[in-house]
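**Student:** Next up is a structure, given as structure tokens.
The values are calculated or read from the model by the stated rules, or taken from the named source; none is laboratory data. Nothing here was measured: the structure is a model prediction, and the numbers come from that model. Because the Cβ atoms are built from the backbone with ideal geometry, glycine has one as well, and the counts that use them run over all protein chains shown.
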Amino acid sequence: MTRKDDDMDAQVNNKAERSEERKDRPSKSSAHTKALITRNLKLAYGEVASEPIPKAMLDLLNAMDDPSEKKS
Amino acid sequence: MTAAPQGFKSELIELLPSLRAFARSLTHNAAQADDLVQDTLVKALANVERFEPGTNLRAWLFTILRNHYYSQLRKLKREVEDADGKFAGRIAVRPEQDGSIDLEDFKVAFAQLAPDHREVLTLVGASGCSYEEAAQICGCAVGTIKSRVNRARKKLADMLGLDEDGQALPGEGRLIQDTASV
């Protein structure tokens, strides 16, 4: 076997190994979809979370301090 | 009512935005979501003696909210749909050419997911819950949460016209109605 053949075999083997590695980890574009979904989830979630808290909810919690207030 | 542990109220107030966002992701209706949060607070305050100080208050509240939501859903025997939800089933979503998604399109697609898919995506993807915490809230195994998140993400990607490799599909976006039966 010539040196040239050895080089070619090495290249083929390396390529096969890299291909196996790629199978084991998520593809770049699959990670892109995941990131896209996560980003939009956080945006939608953040929109609601940043809204002012309704007064009725705060009143309910404030009534914890004074149980008599809750009855009135 | 039993006296609440020290710091309970302030922690509750801090968690209100997350509770409201989680409720909205389940009901996708602002008024229903706030009713759900209000009911959750009433239940939490009535059962404050069951909460162990030092444990995860967020998980405790999310669990109460979630259980109450499904309890109401079972009573209704069907999911309550708002007018927007009905309309949403008929519109098509197409990803932008640069691969981004319009937030409103995203919300429309998200609303079409089954409740169990919406809740896991919200818990794990948006609220910052760990898989373990989400499993505790949903009352199932961690593995179930992981596979549910994967299925939900795939479903959403499909509805948004993204293929599994994250690329925009050629031509028209898919009709959400075609993929809504989860």
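**Student:** How do the pairs read when you match residues in the stretch B:111-130 that are among the hydrophobic types (A, V, I, L, M, F, W, C) with residues anywhere that are surrounded by fewer than 20 Cβ atoms within 10 Å (Cβ to Cβ) and outside any helix (DSSP H, G or I), using Cβ under 6 Å and keeping only pairs 6 or more apart or on different chains?
**Tutor:** What qualifies is B:Ala114/B:Val182.
**Student:** A further question on this structure: Return only the number of the condition from (1) assigned to a helix (DSSP H, G or I); (2) modelled with pLDDT of 65 or more; (3) closer than 30 Å to B:Ile101 by Cα that A:Met57 does not satisfy.
**Tutor:** (3)
**Student:** Which pairs have Cβ atoms under 7 Å, sit 6 or more apart or on different chains, and link a residue in the stretch A:33-54 that is over 15 Å from B:Phe110 (Cβ atoms) and free of Cβ contacts under 8 Å to residues at least 60 places away in the same chain to one that is hydrophobic (A, V, I, L, M, F, W, C) and outside any helix (DSSP H, G or I)?
**Tutor:** none
**Student:** Let me ask you something else. Among B:Leu16, B:Leu45, B:Leu36, which is the only one that is at pLDDT below 95 and in contact with a helix residue (DSSP H, G or I) (Cβ under 8 Å, 6 or more places away or on another chain)?
**Tutor:** One residue alone meets the criteria, B:Leu45.
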